[in-house]
Amino acid sequence: MRLSAEAPIPASVQAPGYDRAAQAAGIVHIGIGAFHRAHLAVYTDDAMAAGDRDWGIIGVSLRSPNVAAQLNPQDGLYTVSARSAAGTGLRLIGAVQRVLVAADDPQAVIDAIAAPTTHIVSFTVTEKGYLRGPDGALDLDAAKGVSSLYRFVGAGLATRKAAGLPGLTLLSCDNLANNGTVLRRLMREYLASDHPDLVDWFDAQCRVPATMIDRIVPATTDADRATIESALGARDEGAVVTEAFSQWVIEDDFAGPRPRWENVGAELVADVAPYETAKLRMLNGAHSALAYIGLGKGHDYVHKAILDPEIRPLIERLMRDEAAPTIDAAPGQDLAGYADALLDRFANPALDHRLIQIAMDGSQKIPQRWLETLAWHQRRGARCPSIEAAIAAWIAFLRSDHPVDDPLGDKLRAAAAGPYAIERIFGDGGLVASAWRPA
Ligand code: CS2
């Protein structure tokens, strides 16, 4: 039996604590992958269970029909398995109402963004989904393309303005440095080109807060789906597996109403930067280092690589001695404690987090994860031995037999194979250096 609103659910599985059918959709989420389903959708499900109303989510996949095929036959329902050494918590999330595939029905996406009930458009489109060109500016050709978030948001905003509706909050939930500022700038660049009449209205009516988003979400495997099926008594094609930990820090700058996410664990703050920088340089910086160094040593999983006595000290040094000093901590933010907690999270034996998943899109991740730390130390005449080892491991990865899943993959492989690889990748005008626009 397939999971659906009609399927009987065992009492051991936490069910949505509100009347799903009675909720309007207040959020359109673009890029409804596993991360969104384990993060923003869970906070929103909790907020509705705590009494907030009309925050149902309409999910959008820009291209792939996969998530729509997983969730729509299940009335948008899916399970989240939070796994730790202490056991697994299984719950059913009801916040997602349906999933649209933009490539199949673009107008439905524009209509959802333009709906009077919609107040927030959120995004998990990964680093490359922001379509920045080599100089960090918007790649306008790509932004005009069929699977560009900007086209849909631009058309939705144009419809709202024409209908006299208020603007929206655009909420980036991706691991970019200054994700709010970056998305606002790129959106304005797009509007200036394709909807110049909207730029002033966008500035006056829309808000683009920064966010720090954190939950480790490995890709769901067939074995996970089978385990969940036996616990649930129904087949869940949209299941996500994650850790118990979850964190969300949001800049409190919204254009209109929002769920009271602060009542269900999110932190609404004036300045996200110290949390976002710590997360990118410590967690994600360590993750990418674990990926390339770990794969080079024959490991497959994060929890195995972090226990390798040759790798662990290097990762500790990257977090504590290289990344942490570069962070201007917020009052009460404990970076040493953060590093301790990260080591525990990486070692979670209940999570099979594949290094190859993290190794993907290195060119898009490395600048904010490693290069900003490196530059900070270089300005002070200091070195970063761990980050240097991680860079060497990345080059070795590019030269190896591992598949390189990266928008610059072919160019990177060619540069890494030849002489002066570091120069061609990181030097002036190099493949990654040119895309790196420091904050
Ligand atoms: C990981 C992140 O795949 C990756 O690049 O570093 O997805 C990481 O698991 C999340 O940012 C944790 O919040």
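The table below gives the values:
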read-out: Criterion: farther than 17 Å from Val182 by Cα, touching a helix residue (DSSP H, G or I) at 6+ places or on another chain (Cβ under 9 Å), at pLDDT 95 or above and more than 12 Å from the ligand (Cβ to nearest atom) - qualifying residue of Ile293, Ile250; value: Ile293
read-out: Pair list, Cβ < 8 Å and 6+ apart or interchain, from the range 357-380 residues that are basic (Lys, Arg) to residues that are open to solvent by 20 Å² or more (accessible area, probe 1.4 Å) and within 11 Å of the ligand (Cβ to nearest atom); value: Lys365/Asn175
read-out: The range 377-411, subset farther than 28 Å from Glu316 by Cα and in contact with a helix residue (DSSP H, G or I) (Cβ under 7 Å, 6 or more places away or on another chain), residue most open to solvent (accessible area, probe 1.4 Å); value: Pro407
read-out: Only one of Leu431, Leu398 that is assigned to a loop (DSSP other than H, G, I, E, B), among the aliphatic types (A, V, I, L, M) and not assigned by TED's automatic domain parsing to the domain that holds Arg132; value: Leu431
read-out: Conditions (1) open to solvent by less than 50 Å² (accessible area, probe 1.4 Å); (2) part of a helix (DSSP H, G or I); (3) touching a helix residue (DSSP H, G or I) at 6+ places or on another chain (Cβ under 6 Å): number failed by His299; value: (2)
read-out: Top-ranked residue in the range 22-37 [being surrounded by 23 or more Cβ atoms within 10 Å (Cβ to Cβ) and under 15 Å from the mean Cα position of the chain (by Cα); ranked as nearest to Gly129 (Cα to Cα)]; value: Ile30
read-out: Tally, over the range 302-328, of residues that are within 14 Å of the ligand (Cβ to nearest atom), over 18 Å from Leu176 (Cα atoms) and buried (at least 19 other Cβ atoms within 10 Å of the Cβ); value: 6
read-out: The lone exception for Arg132 - which of (1) of a type outside the set (Ser, Thr, Tyr); (2) out of contact with any Ser or Thr (no Cβ under 7 Å at 6 or more places or on another chain); (3) modelled with pLDDT of 95 or more; (4) at negative phi it fails; value: (3)
read-out: Members of the range 198-228 that are of a type in the set (D, E, K, R) and either out of contact with any Leu (no Cβ under 9 Å at 6 or more places or on another chain) or not assigned by TED's automatic domain parsing to the domain that holds Gln74 (or both); value: Asp200, Asp203, Arg215, Asp222, Asp224, Arg225
read-out: Positions within the range 41-67 being part of a helix (DSSP H, G or I) and surrounded by fewer than 20 Cβ atoms within 10 Å (Cβ to Cβ), in sequence order; value: Ala49, Asn66
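The values are calculated or read from the model by the stated rules, or taken from the named source; none is laboratory data. Since we're looking at a predicted model, the values are computed, not measured. No Cβ is skipped: glycine too gets one built from the backbone with ideal geometry, and neighbour counts run over all protein chains shown. All accessible areas refer to the heavy atoms of the entire protein, side chains included, with ligands and DNA or RNA removed. Shrake-Rupley method; radii C 1.70, N 1.55, O 1.52, S 1.80 Å.
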